[in-house]
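See structure below.
The values are calculated or read from the model by the stated rules, or taken from the named source; none is laboratory data. Owing to the predicted nature of the structure, the values given are computational and were not obtained by experimental measurement. Positions of Cβ are backbone-derived with ideal geometry, glycine not excepted, and every protein chain shown enters the neighbour counts.
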Amino acid sequence: MSFALPSNAFFWNKKDKALEKELEGKGYAGTLPNIGDKVEKSKTKVTTPIFESQEGFDNPADLKPVPKDNPAFINIIQKKDKNSPFVDDAIEIIPMLEKLVDCIEDNENVQLFVTKANLLSLNIDNLGEKYKGKPESYYESFRKLQDVNRYVKSISLLRREAITYQRYLAYSESGSIYNPENIAQQLEYLKEELNTVILMLREEY
């Protein structure tokens, strides 16, 4: 056993040197082979647009205007917040309310007042029928519109009757309601109520 160990050690040492000599100049420490001729160089590709360019596209005169009056543009493109149907319907009544206020302030004649009052009452009546018994009928603005409507009808009737009866009735107890001063007071009160409901509707919009 004592003679075998040096012999074996010499064998493995000789084997390691032979392996080292065989691997010399190869692998990581060696020179890499030249493979440049076998690899194609990358080429710059030109992309062709899938649509044809239009001459004068950037000319403002050739661009179509934005369809601001188109509901589809307003509600979809601009993502406009939508009001409830009742608010939209009530908003359409505001100009009629304002015209009646102007009529009172400008002291227009009875015929014009009655015409504008009748148009307003007709639209409020339609609104009342449309939302009668629905949750919207409990809105404060809905109730206020109905109250104003009753008063508009009352003053309109009063002014029509005054034209007929004023010349026949003395300003006694039965005819005092047709007194111009009384009618003027009623119109002033009506104007205040109209302005109140206009403000209420604008706040809901």
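Count of region 88-101 residues, restricted to those that are under 17 Å from residue 189 (Cβ atoms) and free of Cβ contacts under 8 Å to residues at least 40 places away in the same chain, is 0.
Residue-by-condition table, conditions (1) of a type in the set (Lys, Arg); (2) surrounded by fewer than 16 Cβ atoms within 10 Å (Cβ to Cβ); (3) modelled with pLDDT under 90:
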residue: 140; (1), (2), (3): no, yes, no
residue: 149; (1), (2), (3): no, no, no
residue: 164; (1), (2), (3): no, yes, yes
residue: 167; (1), (2), (3): yes, yes, yes
residue: 173; (1), (2), (3): no, yes, yes
